[in-house]
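Notes follow the structure.
Readers should treat all values here as calculations from the given coordinates under stated rules, not as data from a laboratory. Small disclaimer: the values here were computed from a predicted structure and weren't measured. Methodologically, a virtual Cβ is constructed for each residue, glycine included, from the backbone with ideal geometry; neighbour enumeration extends over all protein chains shown.
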Amino acid sequence: MRQEPLLTMRGIEKSFPGVRALKDVDFTLRSGQIHALMGENGAGKSTLIKVLTGVYPRDGGDMAMEGTRIFPSSPRDAEKFGISTVYQEVNLIPHLTVAENICLGREDRAAGIIRWKKVRERARKALARLELDDGIDVEAQLSDCSIAVQQMVAIARALDIDAKVLILDEPTSSLDEAESDELFSIMARLKKRGMGIIFVTHFLDQVYRVSDAITVLRNGQLVGEYSAAELPRLELVARMMGKRAEEVKRLEKRAAVTTKSGRKTVISVRRLARKGSINPIDFDLNEGEVLGLAGLLGSGRSETAEVLFGVDAADAGEIEIDGRATKVDSPAKAMRLGFGMLTEDRKYSGIIPNLSIKENIILAMQAKLGPLKKIPPRQANEIADGFIKALDIRTPSREQLVKNLSGGNQQKVIIARWLAIHPRLLILDEPTRGIDVGTRAEIEELIRKLRDEGMSLLLISSELDEVVRNSQRVLVLRDRNKIAELAGEDISEQRILHTIAQ
Ligand SMILES: Nc1ncnc2c1ncn2[C@@H]1O[C@H](COP(=O)(O)OP(=O)(O)O)[C@@H](O)[C@H]1O
Ligand SMILES: [Mg+2]
């Protein structure tokens, strides 16, 4: 007989203004199971957990613990149903002691007075169940303890309340290896006692080390639930990136690109780094070449581009342009050096809806000239008309407000804005996102044309096939590190997925 699940979530819906964070999501946790919740950044993992723990009310769907419907209204309320969390930022009370945190809200009292000795004993007992009683002083103030110890305290609290479900959202991101190992052995012990554990992490090694089941989310939707033993790593990565099973099997090497070798290097990036953003990275950008950046969302792709363009200052390393070390500490400086960057970030390169096409196009040129030198109106008209024609921007006139254009045509306006400054390096972050297929093909065509004219391009896209189709070299990123550089015939979707899954 198959045991009834410990926890079931069915058809869960949750929206925030402008975002449907969860769409009809199912999740099932069994007793004695370690269940990994996987997905790229923004897939909805934390939201699902916050719905489960009562941080957010659900907009729709059902949740049940051992068959009984539950509506947790806060994390403390969720504890009453046996659901305990160790949040990314541990949600305990820093100025209280370890013992107080373990017993908080359920302190032993006699005639209304808290019996501290009892509280400390209980805390010690809970830690002893984790075999941690020697290492942790229950009278220490929590804020004086390391993150690892704080997590152990949260887990001890879960034991003290006899939690049936324990949730760990990115618990190892600030732990060292020994601390992570300790956490995993504790997880194994809790599993043996029949606890169900939901484990959120982006470290694939850890998933395969400890998990029994894997649920994958993408863009707020359930991709599927798998047995960890039956889901090869390559397939897991492919699922997280939105590839279907048949597609993964079909992925073949693409036809070799005709790259002229011996291209001149225009920009060399050496040990470029920014704390919390990217680890030291090396790469070259060559004339007449598209360099692709591939990796899961959150792997450091956009961060690399932002440091290169001076949106975020690097705190180590250098950028050499034509052999000379240069500091790129602001987008204005980047533009003076001949860099252009198309992003989704409205501050630097988004459209300004209430300005005309013309005004949007000359924006970067004007910024480069500075506020004192105005572009003569006739020249501005000519530039705008030139790009409207060259990029086939569908509009009755250059004076049309940009907000009246389709998404694809708006994107062309932004590209025109950058082309107007004749950049030697053009950074394209998701250039085809949210754009119709026709315009998408035109933009890809334009990328190839600019490359052939000698421009250096850096291409970031969540569509792996787009990176593969258009790049002469590809850097593969994982966890904010460059883990591989592929060139020419080695570039294929299969190879990239394998590299990430390694
Ligand atoms: N409090 C919030 N307000 C608005 N949007 C949010 C909020 N929390 C999450 N989101 C959005 O919901 C989506 C899912 O986010 P999240 O659950 O944090 O993903 P994950 O944990 O998988 O990285 C994202 O688009 C995110 O921007
Ligand atoms: Mg999250």
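A few comments on the model shown:
- Counting DSSP beta bridges with both ends in the chain, the antiparallel % (nearest 5): 55
- Dipole magnitude of the stretch 93-160, debye to nearest 20 (Cβ charges: Lys/Arg +1, Asp/Glu -1, about Cα centre): 360
- Seen from a random direction on average, the alpha-carbon convex hull of the chain projects onto 28.2 square nanometres.
- In this rough spin-label picture, where each label sits 7 Å from Cα along the Cβ direction, the Gln379-Glu444 distance is 3.7 nm.
- Residue exposure sequence - Glu289, Glu303 - by fewest surrounding Cβ within 10 Å: Glu303, Glu289
- Computed 3J(HN,Hα) for the stretch 393-410, one whole-Hz value per residue from the Karplus formula 6.51 cos²θ - 1.76 cosθ + 1.60 where θ = phi - 60°, is 7, 7, 7, x, 7, 5, 8, 4, 5, 4, 4, 7, 8, 6, x, x, 6, 4, glycine and proline marked x.
- Converting phi to 3J(HN,Hα) with the Karplus coefficients 6.51, -1.76 and 1.60 and the offset θ = phi - 60°, the stretch 352-362 yields 10, x, 8, 9, 6, 4, 4, 4, 5, 5, 7 Hz in sequence order, with x at every glycine or proline.
- Whole-Hz couplings from phi, Karplus 6.51/-1.76/1.60, listed for the stretch 376-381; x for Gly and Pro: x, x, 5, 5, 4, 4
- Modelled this way, with points 7 Å down the Cα-to-C-beta line, the labels at Glu489 and Leu355 are 4.8 nm from one another.
- A simple charge model with +1 on the Cβ of Lys and Arg, -1 on the Cβ of Asp and Glu and nothing else charged puts the dipole of the stretch 140-186 at about 260 debye relative to its Cα centre.
- Applying a DSSP loop filter and a limit of 12 other Cβ atoms within 10 Å to the GluC sites (Glu not before Pro) in the stretch 41-102 leaves Glu89.
- Of all DSSP bridge pairs formed entirely within the stretch 265-501, close to 55 percent run antiparallel.
- Largest to smallest principal axis extent of the C-alpha atoms in the stretch 73-129, angstrom: 32, 24, 23
- Estimated [θ] at 222 nm from DSSP helical runs (n ≥ 4, -39500 (n - 2.57)) normalised by residues in the chain, nearest 500: -10000 deg cm²/dmol
- Span per principal axis, largest first, for the Cα atoms of the stretch 93-160 (Å): 36, 24, 18
- Counting only lysines at least 8 places from Lys389 when in the same chain, those with an alpha carbon closer than 23 Å to its own are Lys358, Lys403, Lys412, Lys449.
- Taking Cα centre as origin and charging only the Cβ of basic (Lys, Arg, +1) and acidic (Asp, Glu, -1) residues, the dipole magnitude of the stretch 193-245 rounds to 140 debye.
- The modelled label-to-label distance for the pair Arg271/Phe16, using points 7 Å beyond Cα in the direction of Cβ, is 3.7 nm.
- Set of the stretch 183-226 residues, backbone N closer than 17 Å to the point 7 Å along the Cα-Cβ line of Thr28: 196-198, 212-217, 222-226
- When DSSP beta bridges are restricted to pairs lying wholly in the stretch 338-467, around 10% turn out antiparallel.
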